[in-house]
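Take a look at the structure set out below.
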Amino acid sequence: AAGGHNVLMTGPPGAGKTLLTRALPGIMPAMASAEALEVTKIYSVAGMLRPGTPMVRQRPFRAPHHTISHAGLVGGGRVPRPGEITLSHRGVLFLDELPEFPHSVLESIRQPMEDGVVTVSRAQGTVTFPANFMLVAAMNPCPCGFYGDPTKHCTCSPSTVTRYQHRISGPLLDRIDIFVDVPRVEYEKLTEDATAEPSAAVRERVEASRGRQRLRFSESKLVCNAEMGPVEVRDFCQRPLEDGAKSLLRMAMNQLSLSARSFHRVLKLARTIADLGGSEVILTSHLAEALQYRQRGAG
């Protein structure tokens with residue numbers, strides 16, 4: 001939420017992946033006027049502005065079902081209309097049961113995730129819609145959902161698990177910043193009296209982090225750290241990098257075989273972690289935490 005980073009959560013059924021995502025809007029920062037105007041234009045074109053609501057103030061949260069068509073997700077029709085990725089502009093696109101989405105549909109969001117726009121071509125002409133969204137995806141580790149679970153036996157064969165996990169292509173995974181394992185919730189956690197930190201308190205930290213980013217990008221059109229390109233990564237991530245962090249990054253590049261895209265995504269995530277900690281310099285601890293969010297055994 002603080003940096004607009006893409007997230008993939010993996011865990012057994014009932015662990016709370018969907019609940020966590022549904023709580024995300026409660027900690028998202030408020031939209032600036034320019035962002036609200038962009039979103040309002042989209043919903044106006046789509047005919048989805050609510051009566052008596054001339055301006056959309058809440059960040060969009062879209063959660064299409066995995067049976068959605070290519071046109072429904074990306075946009076299309078005889079008269080091109082915005083799809084779910086455009087309706088998620090400046091907000092969250094939640095894809096639950098990620099491997100269940102058709103391969104062609106998932107591959108179609110790769111370019112918009114990189115460029116922040118989607119182009120729909122028809123015989124009558126070409127339309128470009130904005131699509132600068134934060135992807136939050138959730139999946140089970142296997143078809144039965146219990147691969148690697150410490151208490152419930154997985155009934156899937158190794159080849160079935162491999163085929164299931166390979167439904168999501170490497171290039172798509174390479175565009176995700178944070179990989180989170182969500183384990184089953186133990187009885188003690190469900191019954192303890194301790195009160196969790198309220199969303200309002202988390203949102204304050206997110207807002208403070210976004211405030212630093214607004215100052216950082218005041219002379220550009222960028223809104224958050226996830227939108228940085230190679231030039232901004234060099235200026236705002238590589239230069240304010242602690243010496244120890246540089247050594248760790250070099251080691252990670254060699255041992256994890258990070259792609260150039262993954263290299264930049266790790267640095268952008270480390271920049272956000274530093275912003276949450278109120279630090280202008282990216283410390284070794286910030287970079288180490290960002291590296292721990294990489295996918296296991298992948299760049």
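The values are calculated or read from the model by the stated rules, or taken from the named source; none is laboratory data. Keep in mind the model is a prediction, meaning the values are calculated, not measured. Here Cβ is always computed from backbone atoms with ideal geometry, including for glycine, and neighbour counts include all displayed protein chains. What goes into the accessible areas is simple: the full protein's heavy atoms, side chains included, and nothing from ligands, DNA or RNA. Shrake-Rupley method; radii C 1.70, N 1.55, O 1.52, S 1.80 Å.
Here is a check on your reading of the model: is LEU269 farther than 21 Å from LEU172 by Cα and either buried (at least 22 other Cβ atoms within 10 Å of the Cβ) or modelled with pLDDT under 95 (or both)?
No; evaluated as a whole, the condition is false for this residue.
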Segment 57-81 residues that are at positive phi, paired with ones that are assigned to a strand (DSSP E or B) and loosely packed, with under 15 Cβ neighbours inside 10 Å (beta carbon under 8 Å, 6 or more apart): GLY76/ARG122
Segment 201-212: number of residues that are free of Cβ contacts under 8 Å to residues at least 12 places away in the same chain and not charged (D, E, K, R): 2
Matching residues, segment 1-37, being free of Cβ contacts under 8 Å to residues at least 40 places away in the same chain, open to solvent by 20 Å² or more (accessible area, probe 1.4 Å) and over 24 Å from TYR187 (Cα atoms): SER33, ALA34, LEU37
Set GLU207, GLU197: member being open to solvent by 40 Å² or more (accessible area, probe 1.4 Å), charged (D, E, K, R) and either in a loop (DSSP other than H, G, I, E, B) or touching a Lys or Arg at 6+ places or on another chain (Cβ under 9 Å) (or both): GLU197
Search result, residues across segment 38-51 that are assigned to a loop (DSSP other than H, G, I, E, B), of a type outside the set (A, V, I, L, M, F, W, C) and either open to solvent by less than 80 Å² (accessible area, probe 1.4 Å) or under 11 Å from LEU87 (Cα atoms) (or both): GLY47
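This table checks each residue for (1) open to solvent by less than 60 Å² (accessible area, probe 1.4 Å); (2) at pLDDT below 90; (3) aliphatic (A, V, I, L, M); (4) over 23 Å from LEU256 (Cβ atoms).
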position: GLY125; (1), (2), (3), (4): yes, yes, no, yes
position: MET134; (1), (2), (3), (4): yes, no, yes, yes
position: ALA137; (1), (2), (3), (4): yes, no, yes, no
position: ASN140; (1), (2), (3), (4): yes, no, no, yes
position: PRO150; (1), (2), (3), (4): no, yes, no, yes
position: SER157; (1), (2), (3), (4): yes, no, no, yes
position: VAL161; (1), (2), (3), (4): yes, no, yes, no
position: GLY170; (1), (2), (3), (4): yes, no, no, no
position: ILE178; (1), (2), (3), (4): yes, no, yes, no
Given (1) among the β-branched types (Val, Ile, Thr); (2) part of a loop (DSSP other than H, G, I, E, B); (3) open to solvent by less than 30 Å² (accessible area, probe 1.4 Å), number of the condition THR67 does not satisfy: (3)
Odd one out for ARG59, checked against (1) of a type outside the set (Phe, Trp, Tyr); (2) open to solvent by less than 30 Å² (accessible area, probe 1.4 Å); (3) assigned to a loop (DSSP other than H, G, I, E, B): (2)
Every pair of residues 6+ apart whose Cβ atoms lie under 9 Å, when the first sits in segment 284-295 and is in contact (Cβ under 8 Å) with a residue 12 or more places away in the chain and charged (D, E, K, R) while the second is assigned to a helix (DSSP H, G or I) and open to solvent by 30 Å² or more (accessible area, probe 1.4 Å): ARG294/LEU256
